[in-house]
1. Please state the equivalent ellipsoid semi-axes for the stretch 8-108: what are the square roots of 5 times the Cα gyration tensor eigenvalues, largest first, in whole Å?
2. Provide, as a two-decimal number, the C-alpha radius of gyration of the stretch 23-194 over 2.2 N^0.38 Å, N being how many residues it has.
3. Rank by packing, highest mean first: peptides 129-138, 157-166, 34-43, with packing defined as the count of other Cβ atoms within 10 Å averaged across residues.
4. Quick check: the distance between the Cα centres of the stretch 137-176 and the stretch 1-76, to the nearest angstrom?
5. Taking every Cα atom in the stretch 84-165, find the radius of gyration and the maximum pairwise distance Dmax, and write them in Å.
6. Expected output is a single nm value to one decimal: the length gained when fully extending between residue 27 and residue 124, i.e. 0.36 nm times separation in residues minus the C-alpha distance. What is it?
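What follows is calculated from the coordinates using simple rules that are stated; it is not laboratory data. The structure presented is a predicted model; accordingly, all values stated were derived computationally and were not measured. For neighbour counting, all protein chains shown are included, and Cβ atoms are generated from backbone atoms with ideal geometry for every residue, glycine included.
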């Protein structure tokens, strides 16, 4: 609380604050920050779930799981290099829509992953999801800074990075919590099943002479 007090007291009373609150009057910038938080929560949260799924359930070693998840970065890298040229041909809003559809479609497809999922399926899904990420980050950043005055862009860059990191932290921590809760539920179900089998075994009549 003391840190927040000094932060707001300094930002509201000095001529050169750490953060200029006037940047939040720009609707494009605020919308971009909100998008960054949502993307961080949803997409980075899935990474926290997919990793233990591949290691604990599919039995992949850590290095193999890392390679499979790294395919998402390949799709993001290629798309982020092509995005500036695409924005010269297509309005950024349509690229953002396309990125949301690709990311949402792959997330929905991943809900059907089972123990029979193959490495090829994981790689292809991750690459398509990476393409969707690339179509989101670059256009969103462009739209967020399009109407922002030049003297506010330095601080705005730090704020967008901060919001993306906060969103990814929330997503990863929530994914880890869901994974832990599922482990506890599985452990309790296993204990109950073991107790039920033991009780049934105890109630079974013994054969004479045994």
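1. Working: eigenvalues 237, 94, 32 Å².
Ellipsoid semi-axes (Å, largest first): 34, 22, 13.
2. Normalised Cα radius of gyration, the stretch 23-194: 1.18.
3. Result, highest mean Cβ count within 10 Å first: 129-138, 34-43, 157-166.
4. With the stretch 137-176 and the stretch 1-76 each reduced to a Cα centre, they are spaced 8 Å.
5. 16.1, 54
6. 31.3 nm
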